[in-house]
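Okay, so here's the structure we're looking at.
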Amino acid sequence: MTTTDRREFLATGTKAALVGGALLAAMPGLAGADAEANKGAGNAERLRALVPGATNDKGEYVVPDLPYGFDAVSEVIDAQTMQIHHDKHHAGYVAGLKAGEEALVKAHASGDYDQISALSNKVAFNGGGHMLHCIFWDCIGPENMGGEAKGALAGQIAKDFGSHKAFWAHFAAAAKNVQGSGWGVLAWSYGGSKLVILQAQNQHLNTQWGIVPLLVLDVWEHAYYLKYQNNRGAYVDAFAKIINWERVGKRFDILRG
Ligand code: MN3
């Protein structure tokens, strides 16, 4: 698969949109698009690109190929960490999500809901993990790394946070201070019509309804421990150098129609 093919796959291979507890496809009136448009196939295709590569063309959850090599961002994240993170951890969330959903289907068919709480948690945890990692890979890369947000997103950041510098100070503080394992998340709140910064725990906790993640920063130790050991702060500071703001901005443009 060529780089172009992989990028195309990432851009189009998405169906599910369950992120941080928010089921996007079921929510009418999403940021700038009217309810009727949201029911259309064109809009569904547009929304698929918000969680790049989460499903294949059969609608099955898959770990998306990266549109770059494992060593592409080695200045900040070493190749071994990238490979283990992608091939083992992300794959584990996909397997867990599939298993959880299959068990829920069986529960539904049999009417036996004794395990409903465990299964619901399994799907939320692994579903959150799968979707967030798909976005994470898309937020970084060897092209257009670092710098600041561009285009409409830059304007929205200035409106909601004052400046890029002020935004990053807030975002980095959130990411560095996640209790335990979790994520720093810049998201569009289509309930509040503004950008919000979340401090998600695990893959699915301490979030909001009605949001769409735009930029996500994985602060689980598996994301940085080989190079940074316990120094999460240094990892978060360095992460700014590998953000692909063009792709983060594109996600915002998709949302805004
Ligand atoms: Mn991770």
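Just a few scattered comments:
- Per the conditions (1) among the aliphatic types (A, V, I, L, M); (2) open to solvent by less than 20 Å² (accessible area, probe 1.4 Å); (3) within 12 Å of the ligand (Cβ to nearest atom); (4) not in a loop (DSSP other than H, G, I, E, B), the sole criterion not satisfied by Ile77 is (4).
- Among the candidates Val248, Val185, residue that is part of a helix (DSSP H, G or I), among the β-branched types (Val, Ile, Thr) and closer than 17 Å to Gln156 by Cα: Val248
- Identity of the residue in the range 111-130, touching a helix residue (DSSP H, G or I) at 6+ places or on another chain (Cβ under 6 Å) and assigned to a helix (DSSP H, G or I), that ends up most open to solvent (accessible area, probe 1.4 Å): Lys122
- Cβ-Cβ under 7 Å pairs, at least 6 apart or on other chains, the range 234-251 side more than 16 Å from Tyr68 (Cα to Cα), far side hydroxyl-bearing (Ser, Thr, Tyr): Ala234/Tyr228; Tyr235/Tyr224; Tyr235/Tyr228
- Unique match (being open to solvent by less than 50 Å² (accessible area, probe 1.4 Å) and over 15 Å from the mean Cα position of the chain (by Cα)) among Ala200, Ala149, Ala223: Ala149
- Among the residues of the range 205-220, those that are in a loop (DSSP other than H, G, I, E, B) and within 13 Å of the ligand (Cβ to nearest atom) comprise Val219, Trp220.
- Restricting the first member to the range 67-91 and to residues that are more than 19 Å from Gly53 (Cβ to Cβ) and in contact (Cβ under 8 Å) with a residue 60 or more places away in the chain, and the second to residues that are basic (Lys, Arg) and more than 13 Å from the ligand (Cβ to nearest atom), the beta-carbon pairs closer than 6 Å and six or more apart or on different chains are Val76/Lys241; Asp78/Lys227.
- Against the test of being within 16 Å of the ligand (Cβ to nearest atom) and open to solvent by 40 Å² or more (accessible area, probe 1.4 Å), the options His108, His133, His89 yield a single qualifying residue, His89.
- Screening Ala99 with (1) under 24 Å from Ile140 (Cβ atoms); (2) surrounded by fewer than 18 Cβ atoms within 10 Å (Cβ to Cβ) gives one miss only, at (1).
The values are calculated or read from the model by the stated rules, or taken from the named source; none is laboratory data. Note that the structure is predicted; figures quoted are calculated from it, not measured. Don't worry about glycine lacking a Cβ; one is built from the backbone with ideal geometry, like all the others, and counts go over all protein chains shown. Protein only, heavy atoms only, side chains kept; ligands, DNA and RNA dropped before computing areas. Shrake-Rupley method; radii C 1.70, N 1.55, O 1.52, S 1.80 Å.
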